[in-house]
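The structure under discussion appears below in the form of structure tokens.
The values are calculated or read from the model by the stated rules, or taken from the named source; none is laboratory data. Because the structure is predicted, anything quoted here is derived from the model rather than measured. Heads up, the Cβs are rebuilt from the backbone with ideal geometry, glycines too, and the neighbour counts pull from every protein chain shown. Each accessible area value is taken on the protein alone, full model and side chains, heavy atoms only, with ligands, DNA and RNA left out. Shrake-Rupley method; radii C 1.70, N 1.55, O 1.52, S 1.80 Å.
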Amino acid sequence: MSVAAAGGGGSPCLGAAAAAAASCSSAGLSYATPAGGGAGVAGRLPARVLEHIFSYLELFDLMRCLLVCWHWNNILADENSEVWRSLSSRTLSDEALRSDILCNLPTYKGKLKAFQHALSSHDCSRNVYVKKNGFTLHRNPIAQSTDGARGKIGFTEGRHAWEIWWEGPLGTVAVIGIATKRAAMQCQGYVALLGSDDQSWGWNLVDNNLLHNGEVSGNFPQCNNAPKYQIGERIRVILDMDDKTLAFERGFEFLGIAFRGLPKVCLFPAVSAVYGNTEVTMVYLGKPLDG
């Protein structure tokens, strides 16, 4: 199973409301059907003129431009155009654009969408922070604390994939998964924070245990002598809100479905860590493609 970037959503929880007319907010990259006609004189402007004008706009305005008419929509359809490149250069850090953080996103628009879905610097433990690159979480060396963070945008429908990788020691517990807004992002001691209650689901990369509601629900992946996680190895998380499942990939190998029967509530990408000065990076990829 491989993944590729696709349309995302606009509100803090991407779902049915985000697909409606009000869905194109400043945080989203979702499409609605553009209006017919040519939007008057502006609709008849040459493509090069419109591209120049669009290159000065912010994401909030560009998403509305997509809905004006087919002419404007077609001009913005090239996800590597100067319009999206210009916006990326203004929005994303030099480190994010020049390093390999976004190497699996071939388009500027895809990179912007990943930033919109990145780990939140406002929805996390007080003992962590998001680095200037906008995608990497750093945990401060605080004793006897487990600390987590949620993504900026959650999901109630559709299929979504993102990558997560550790860039430092795992410690005794290092969990990746999903959580509701009600799930705690900090607790005392060194524990598997994700999966410690009925509001989160996690895979502990240290011992390959699946966790939910404070219980171990099995080993993952379900094979003999499953390999341990290696630092820097990218894990793909695949959330299917339509089938209510959570699955994982490693090295483009589908590891299987980890959780079934997920509730129809807003679910966010999430991580939790215990090791001081360790770092975790998350990059949203979009809709997973079968095959």
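Things worth noting here:
- Element breakdown for segment 119-286 at a 1.4 angstrom probe: carbon and sulfur atoms account for 48% of the accessible area.
- Checked against a 24 Å cut-off, the cross-linked pairs Lys152/Lys287; Lys111/Lys132; Lys111/Lys264 give Cα-Cα distances beyond that limit for Lys111/Lys264.
- Percent carbon-and-sulfur accessible area, segment 47-91, ignoring ligands, DNA and RNA, probe 1.4 Å: 55
- Global form of segment 119-286, assessed from the alpha-carbon gyration tensor, a/c cut-off 1.5: rounded
- Residue-span extension gain [Asn277 to Asn213] - 0.36 nm each, minus C-alpha spacing: 20.2 nm
- Low-density loop positions, chymotrypsin sites (Phe, Trp or Tyr not before Pro), segment 199-280 - DSSP coil, at most 13 other Cβ in 10 Å: Phe252
- Solvent-accessible heavy-atom area per residue, rounded to whole Å², over segment 47-91 at 1.4 Å: 51
- For the pair Ser121 and Glu82, label points projected 7 Å from Cα toward Cβ lie 3.1 nm apart.
- Length available on full extension from Glu253 to Ile142: 0.36 nm per residue minus the Cα-Cα distance, which gives 36.4 nm.
- Kirkwood-type radius of segment 47-91, with distances r between different C-alpha atoms, in Å: 10.3
- In this simple spin-label model, placing a label point 7 Å from the Cα along the Cα-to-Cβ direction at both Tyr56 and Arg234 gives a separation of 3.7 nm.
- Contour excess over end-to-end distance, with Cα ends at Ala184 and Asp94 and 0.36 nm allotted per residue: 29.1 nm
- Three-way shape label, segment 205-291, alpha-carbon gyration tensor, a/c 1.5: rounded
- Within the shell of other residues whose beta carbon sits under 14 angstrom from the beta carbon of Gly214, the net charge comes to -3, with Lys and Arg scored +1 and Asp and Glu -1.
- Solvent-accessible area per residue in segment 136-291 equals 39 Å², computed with a 1.4 angstrom probe and all protein chains kept.
- Loop-resident trypsin sites (Lys or Arg not before Pro) (DSSP state other than H, G, I, E or B) in segment 190-290 with no more than 11 further Cβ atoms inside 10 Å of their Cβ: Lys228, Lys264.
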